[in-house]
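To start, the structure itself, in structure tokens.
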Amino acid sequence: MGGKNKQRTKGNVRPSSSGRAAELLARDGAGVPGFVGFGASTSGDPGYVPAIHGAEEIDNLVDADFRLVLRKLSKRDSVTKLKAVQEFGTMCHERDSDTVKGVLPYWPRIYCKISMDHDRRVREATHQAFEQLILKVRRNLAPYLKSIMGHWLIAQCDTYSPAASAANVAFQAAFPLNKQPEALSFCKDEILTVLQDNLLKETADTLSDPQTVPVEEREAKYVRLLTSSLLALKRLLTHLPHQERESLRERLGQLIAPGKFWKYSKHKTPQVRGAYFEVLASLCEHVPELAQGEASRVCVAVLLSIDDTDPVVLPPLWEAVLHVLSSITDCWSHVNAQKGVLPKLWVLLKEGGKGLATALHPNLLPFISKLPDEVTQPAFNFYSTFFTSLVLGLSSERALSSPSESAAIICATMECLRFCMLQNSGEDEEQKCIQNMLITDQLLPLVGRALGSSHLQAGPLFFQVVDMLGSWEKRAVARGAGAKVPPSPHTDLFCRLLADFWEELGRLCILHVDQEEAEQGALEGIATLLWIMQNPESAAWRQTTRKKKRELKICFSDLDGKEEKDEELQREPQNKTTFQSDDCSPLRTRHLGELVKQLAKLNMVHVRERSSARHLHFLSLLLRSFSSQEVFRVLLTPQECEGDLGLGDEALSKNMAVRFLLLKVVTWLKQDGRSDTDFVVEMVFSVLRCCGSGDEKMLILNHLTYMDLKWGILLEIIQKACAEPAYMDLCQGWVKGSVLGEKLVSLAAELCEMGLRGTPTSSAPKHAHSWALISLSLSQQHNNETLIGKEYVEKIIDRLHATLSEAKGMSDAGNMEPLVSFISDVAANFFSAVRGCLLLASAEDLLFTVFQLCAQDQTVTRLSDAVLHKLRNAFFAGVHALVSFLKSEVKEAKFFLYVAVWVKNQLINSPLAAEILYALQWCAEMECAPPMVAEYHKMLQDWDLATKIHTQWPDGSTFPRFPLNSVVLNVLLQGVTSCLAILHCCLKEDTPVAEEVLSAVIATIMEWRNSKEEWFLFSSHLGNVSVGELMLSVEMMRFFCWLLSHSSAVLQGAQWDLLLCSMLAWLETASDNLPVFWNPWVQLFVCVNCELIVRLSEFFMAPPSDVVGTLPAELCTEWQEFFVEGIHSLLLPLLVRIPGQYPDDPLFPVPVLRSVGKALMYIPVQQLTNNKLPARFVAGQKSNLPAALQTLLNTLSPLLLFRARPLQLAAYHVLNKVMTGLPECDGESDSSRAEEDDGEEPSLSPPAALMTILTATEELLENILGGVPVGEFAVVQPLSVEHCCILGYLLSWKLLLTFFKASPSHLRVQYSSHLKKSRSLHKLLLYLFRLMPENPTLHCQGAEAPSKETKTFFTETLSPSFCNTDAVQWEVPHLACSVYYCTLKDLPAMVRLWWNSQEKRVSSAVDRFTSRYVSSVLSSQEIASVQSSTHSFENMTVKARCASREVIATYSVDDVFIELVIQLPQNYPLGCITVESGRRVGVAMQQWRNWMLQLSTYLTHQNGSIMEGLALWKNNVDKRFEGVEDCMICFSVIHGSNYSLPKKACHTCKKKFHSACLYKWFTSSNKSTCPLCRETFF
């Protein structure tokens, strides 16, 4: 249109201008909101962002930074839009209001587009940014409200909750709550226009471009827009004032008139259907006239969809159903209820709501209450079908498995039943039939069904029945005398209903009770129902606590105008077992009492005649709830109601409950064959509740105590009293009384006598529970006091102590084990349970006796390990109790004095006295003794053992004291092993020693080598030698270790030969004895041998300066050429063989692995490269490594995952030595592959053995860490299976990063490509941010001065150590931080790529953590490496500035001078490095920009340091000056990834391109033409 050389239309004197056209369209009011380039604002402002500054006057209002961000918002890429929106929000928050106001003309079009974006993160971020914009511009947003309000309201109904919440927050920031309806009213027409377009005009293909957007994404966006638009329409109707809704009636009619609107009721997506029914409900509620006008379509859409059971649709559908029934008077004239609605409802109810009873059934009562007579006629059939379907729903699978579903069905059934009963409370024949049907055919069968079903008994049915009875009783009570309420015409009706109910209920209960094999569950159900009827207030409370929340509460109003609300019954009953209730109506009390007596009498017949245990249990439950004289009377025959009971109290003898106890209950308790007496004992407490005073209760229980009952009966009575406070109140006098106390004392004495005689208590049935009764009486407390009288507790403890002391001194104590075991259990319970138990002197004596039995040798006590374990538990419990009260209650703890004296006497009389005296001497010889030794020395001196043992020396001489000199040494060495151990202890404590002593020891060892070679165990089978022989070699090795560290100058030529040859011979012996490494003494032998190897390796690596001149001439050479190879040729195979010998053995030699691993840390790399391990290769494994190196990797890599931390560390340290040399092997093959480059991005796998380990471990880590969100710290239990797995994974990555760092740049690119394809690094980073602590501060710096810089896991280097076992709990977090640090340092581009691809929450957490803890460390190190770099560039100098984090590169050649400033970001290396322009001379602007872009590209996308990036860039510029042309695709001489030169030339234009660039060009364009001349590229 605007071409310069085209013919203009006649009369058109001005060139065409799209800007002028936009202005004319806006002025004429023809602006179309959705068009790109045209604004939706009526203010005349353009709706586009001009590309050139100063194009028009208004464009000057837009800040340059805002202009750039707004352009980014139009990009298609979701990540770009997300970051642009976040940047926009930040800028709105930070910039001044005038600057932000300049954006307002362009914001509506952009907002309307991105608020509907497919990416939910973009939508959420859009409204968060919008909130910042609103807070900054405030009232200035008003002119643009109409153009955005429609989309803003839709956004508040977004299906993604965080996005909807953000839109709501922005709306509240713009308008206070009272102003929101006014704002919606202001924009109501524009909102309806947007909603009408979305609902009636838009399709999936019009919303999104079918050419570029996939079908699934288009459909998802369309469905989301439909759902949000429907919900927005409901929101508009709800919030608009009434008069505004009236003004919109015509527009709303136009919206709902088209047939497309009504088709949404059958939409395939549940969310759309749910939102649609919400709109219809809102229409019926807020615009009923409009709904009445469309009644035919509304009723069909809603009522015929009543069987839609999708969880999303059902709640709004039934809301719409209820609104339709309420708002549309003739709704049933538009649908056929008998054919189209009710059959669907019956099927739905029979299936229990298809798992949605909690949402469906609360709506049933309002539903049937709105049904007109023409729908429910005939009423009998309707209600019969309705309730039958409801009850059948209880048999559905979901109702049987879900208590909440079952409860919802039951509540709905009972509510509807009560309603129907009220609706049909007349006296005509049909209503009487309905009343009878509801009770006889529906209610009572349901109750009967519940009696046989445990899950229905646990539901609310019984509570609902009681609630219904209460309602009927209040309506029937007017007939009673003195009623305050005047009689109602329905009073007789409810009296008749109650009579019928109780009569039918009685028949039902009798039917279940009067059976020989009555069901236990049914009997318990009857008892439960009767108890709830007796205690309606408690029942109501239990019901409300069972179901805290109900969606729909129903209140039935009294026919006389009075209401009784369930909410009043909210108070919690007291915890009591007195089951008399004062809140039962007299009517119910009469009916209930008759029924209970009838059932009790019938039940007693079965107990008396058939001895039915089930009926006896049922009787116990009845008496627990109804313990009255009348009930007990019917349980006795007339003869049993008279006669003397022998109580000495005539009044008490006339108590029917007492007579029942003594004549019936006692008989049942004495029956020998009865195993379960729990419910019979329960009757005892039922009887006690019918007694008056406490004296009567005490008299009855004392009478029972004197009877010949089993001890288990008394035990059960006391146990029930302890478990139930109300029971304890009934029998407290008896428990504290003398009768029970003396009975227990005599029982304890009897048990002790039987035990001393060796008679087991199990042989006497009467004593089956005797010890348990004694233990309970002693250990149980009530109100912080002993359960029984304190004096009886002391008598029992005295008896136990005397018995235990007597058993301790008996020669056949082995036969006393049962007695000792019982007393131990009783004592343990007493000490641990009774507060202040050791205030009793007898308890302290008992504890001391227990201690003596624990302390004595088992050869003396002849007690088994099990009994000894029980004694120790009792002792520990007693000591704990004693120490707990030592400062307060216990004034004089004699126990510790007794123990001290006893131990002292045992030591004096022990054969260990001589050893103790030697210990006293050695402690005295130590000048710098450790604190523990010093304390031990002081204790020995305080005891004055030397003086007291003086009389025991055979010759009467005094205690010998000897100095550590050569004279004493000769005496010591006569004891060989023990004396060497003594010598080592003295040397270890830095005892001054003369060289002549050391020389004498070495000479003695050499003499043993010549004359007693068998002592050295060379080539011996260590499994057959004694511990003493092993320890001799161990002590010799320890002595040599000390010599190497403290006095190596003593060693001469022959002595060096002895040391080195013995060391190697011992190692060969250890290697040959692998099968006996389970032996701890053999493990000690191997560990000390490896320690000697470590000391030798350290010595020869850096010999002490004072010793170097005195060493034999050839010693160092022999060590390097012979001994080192001999040592490690044995150690390396030994490391591999150990896990094979002990794969899953509990005796796995972990200490040996730790020592072998420490020794292997000194293995030369050359020996690893030429190792002699058995060849191990993997089929299909691609490798360029030599056979020996590949075998080493295949052998040791699997050990990284072995569940033994020392083995993992050993494998890591060995492999780490060869990692830096492995890239050389790939480098040789890479040169050959370069010639065959086909253009595809090259990819090369790092060592296959390590990649296999990573692949195998990733799945395990996903199982371990999958449930932990990224950014949260997962605590790993030290040394667990998970710890070993994660440790192996991180160590493998440490090795891989070491390998990567040692690789040249061109190989590094190929390795990176492989990691990118395998997504290994992606998974690693996700795992690291679950393993790194939120605060990676070094845990051991708490005591340091606060002025010191804080140390973190990133500032302190980590080298996995064998020795530092204290820090194992921090090993994985520290190692994870170390791996993350190395990854950022060596793979910055890949980490940056991963970070940019993460969702907002993850990327924010990564950015925050990295910026705070890592970036400063990495930046400082990078700058420092530039400063300290010794690499010199020709024609280029590099300088660094630490303070500003800048690197300045100056390039000069001939007349060209270039200066570039490289700036590191705050979140380096996540953020991109910026390259800024410095001075330049002799370079064209375009070339200057290209070079800056190239350097920025190299620094951003290459995985290396700044110096490496500068070197690459300089090489590129050098090639340019040498005449090599740029690749015309990437405009660079050197390729940014593989560092190749342009080699592929076009035959037509002769231009050269990089192979990789051409490959990408061909694959992305789907053409094989030259990028320049467009000719076919051959």
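Please work out if residue 436 is without any contact (Cβ under 8 Å) to a residue 12 or more places away in the chain and either farther than 25 Å from residue 533 by Cβ or part of a helix (DSSP H, G or I) (or both).
Values: without any contact (Cβ under 8 Å) to a residue 12 or more places away in the chain: no; either farther than 25 Å from residue 533 by Cβ or part of a helix (DSSP H, G or I) (or both): yes.
When the stated conditions are applied, residue 436 does not pass them.
Checking the conditions here, which among 227, 193 is open to solvent by 50 Å² or more (accessible area, probe 1.4 Å), among the polar types (S, T, N, Q), in a helix (DSSP H, G or I) and modelled with pLDDT of 90 or more?
Details: 227 fails: open to solvent by 50 Å² or more (accessible area, probe 1.4 Å).
One residue alone meets the criteria, 193.
Read through the list (1) at pLDDT 85 or above; (2) buried (at least 16 other Cβ atoms within 10 Å of the Cβ); (3) not aliphatic (A, V, I, L, M), then give the number of the only condition that residue 1077 fails.
The number of the failed condition is (1).
Looking only at region 801-826, how many residues end up being aliphatic (A, V, I, L, M), closer than 19 Å to residue 843 by Cα and at pLDDT below 75?
1
Of all residues in region 1547-1559 being open to solvent by 80 Å² or more (accessible area, probe 1.4 Å) and without any contact (Cβ under 8 Å) to a residue 40 or more places away in the chain, which is nearest to the chain's Cα centre (by Cα)?
1552
Just to confirm my filter: which helices (runs of 4 or more DSSP H) fall fully inside region 839-906 and include at least 1 residues that are hydrophobic (A, V, I, L, M, F, W, C), modelled with pLDDT of 70 or more and out of contact with any Cys (no Cβ under 6 Å at 6 or more places or on another chain)?
On the way: elements: 841-855, 858-861, 865-884.
Those helices (runs of 4 or more DSSP H) span 841-855, 865-884.
Could you figure out which of (1) touching a residue at least 24 places away in the same chain (Cβ under 8 Å); (2) surrounded by fewer than 16 Cβ atoms within 10 Å (Cβ to Cβ) isn't true of residue 333?
(1)
Just need a number here: residues in region 590-607 that are of a type outside the set (S, T, N, Q) and within 13 Å of residue 634 (Cα to Cα). Working first, answer last.
To start, the set of residues in region 590-607 that are of a type outside the set (S, T, N, Q) comprises 590-597, 599-602, 604-607.
Imposing the further condition that a residue be within 13 Å of residue 634 (Cα to Cα) reduces the set to 593-597, 599-602, 604-605.
Final tally of qualifying residues: 11.
For (1) under 30 Å from residue 217 (Cα atoms); (2) in contact with a Pro (Cβ under 8 Å, 6 or more places away or on another chain); (3) among the charged types (D, E, K, R); (4) without any contact (Cβ under 8 Å) to a residue 60 or more places away in the chain, each residue gets a yes or a no:
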{"site": "108", "(1), (2), (3), (4)": "yes, yes, no, no"}
{"site": "121", "(1), (2), (3), (4)": "yes, no, yes, no"}
{"site": "132", "(1), (2), (3), (4)": "yes, no, no, yes"}
{"site": "136", "(1), (2), (3), (4)": "no, no, yes, yes"}
{"site": "139", "(1), (2), (3), (4)": "no, no, yes, yes"}
{"site": "144", "(1), (2), (3), (4)": "no, yes, no, no"}
{"site": "151", "(1), (2), (3), (4)": "yes, no, no, yes"}
{"site": "157", "(1), (2), (3), (4)": "yes, no, no, no"}
{"site": "163", "(1), (2), (3), (4)": "yes, no, no, yes"}
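Those residues that are part of a helix (DSSP H, G or I), within 23 Å of residue 771 (Cβ to Cβ) and open to solvent by 10 Å² or more (accessible area, probe 1.4 Å), I need them from region 696-710; list them, please.
Matches in region 696-710: 706 only.
Rundown of residues vs (1) over 22 Å from residue 1225 (Cα atoms); (2) open to solvent by less than 10 Å² (accessible area, probe 1.4 Å), yes/no style:
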residue	(1), (2)
1294	no, no
1299	no, yes
1302	no, no
1306	no, no
1309	no, no
1319	yes, no
1322	yes, no
1326	yes, no
1330	yes, no
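Please go through (1) open to solvent by 30 Å² or more (accessible area, probe 1.4 Å); (2) out of contact with any Cys (no Cβ under 9 Å at 6 or more places or on another chain); (3) in contact (Cβ under 8 Å) with a residue 24 or more places away in the chain for residue 214 and return the number of the only condition it doesn't satisfy.
Status for residue 214: all satisfied but (3).
Of 98, 117, which residue is in a loop (DSSP other than H, G, I, E, B) and either farther than 19 Å from residue 235 by Cβ or in contact with a Lys or Arg (Cβ under 8 Å, 6 or more places away or on another chain) (or both)?
117
Just one of (1) more than 18 Å from residue 1050 (Cα to Cα); (2) surrounded by 13 or more Cβ atoms within 10 Å (Cβ to Cβ) trips up residue 1116, so point out which.
(1)
Checking residue 1407 against (1) farther than 15 Å from residue 1334 by Cβ; (2) open to solvent by 20 Å² or more (accessible area, probe 1.4 Å); (3) charged (D, E, K, R), only one condition comes out false. Which one?
(1)
Out of 261, 171, 277, I need the residue that is assigned to a helix (DSSP H, G or I), of a type in the set (Phe, Trp, Tyr) and more than 17 Å from residue 316 (Cβ to Cβ). Which one?
Going through 261, 171, 277 in turn, the sole match is 171.
Determine which single condition residue 1263 fails, assuming it passes every other condition in (1) under 25 Å from residue 1397 (Cβ atoms); (2) surrounded by 16 or more Cβ atoms within 10 Å (Cβ to Cβ); (3) not hydroxyl-bearing (Ser, Thr, Tyr).
Answer for residue 1263: the failing condition is (2).
Where in region 342-421 are there helices (runs of 4 or more DSSP H), lying wholly inside it, with at least 3 residues that are of a type in the set (Gly, Ala, Ser)?
Per the criteria, 379-392.
Take the conditions modelled with pLDDT of 90 or more, in contact with an Asp or Glu (Cβ under 8 Å, 6 or more places away or on another chain) and either crowded, with 24+ Cβ neighbours inside 10 Å or within 20 Å of residue 190 (Cα to Cα) (or both) and apply them to residue 91. Does it pass?
Judged against the criteria, residue 91 is not a match.
Quick one: would you say residue 1576 is open to solvent by 40 Å² or more (accessible area, probe 1.4 Å), modelled with pLDDT of 70 or more and in contact with a strand residue (DSSP E or B) (Cβ under 7 Å, 6 or more places away or on another chain)? Show your work before the answer.
Numbers: open to solvent by 40 Å² or more (accessible area, probe 1.4 Å): yes; modelled with pLDDT of 70 or more: yes; in contact with a strand residue (DSSP E or B) (Cβ under 7 Å, 6 or more places away or on another chain): yes.
Yes.
Just to verify a result, which residue in region 1275-1289, among those that are surrounded by fewer than 19 Cβ atoms within 10 Å (Cβ to Cβ) and assigned to a loop (DSSP other than H, G, I, E, B), is nearest to the chain's Cα centre (by Cα)?
1275
Just to be sure I understand, how many residues within region 1373-1404 are surrounded by fewer than 19 Cβ atoms within 10 Å (Cβ to Cβ) and among the aromatic types (Phe, Trp, Tyr)?
1
What do you reckon, is residue 1208 among the polar types (S, T, N, Q) and surrounded by fewer than 16 Cβ atoms within 10 Å (Cβ to Cβ)? Before you say what the answer is, go through the steps one by one.
Working: among the polar types (S, T, N, Q): yes; surrounded by fewer than 16 Cβ atoms within 10 Å (Cβ to Cβ): no.
Taking the combined requirement at face value, the residue does not satisfy it.
The values are calculated or read from the model by the stated rules, or taken from the named source; none is laboratory data. For clarity, every value in this text was computed on a predicted model and none was experimentally measured. Glycine gets a Cβ as well: all are built from the backbone with ideal geometry, and neighbour counts include every protein chain shown. The accessibility values were calculated without ligands, DNA or RNA, using every heavy atom of the protein model including side chains. Shrake-Rupley method; radii C 1.70, N 1.55, O 1.52, S 1.80 Å.
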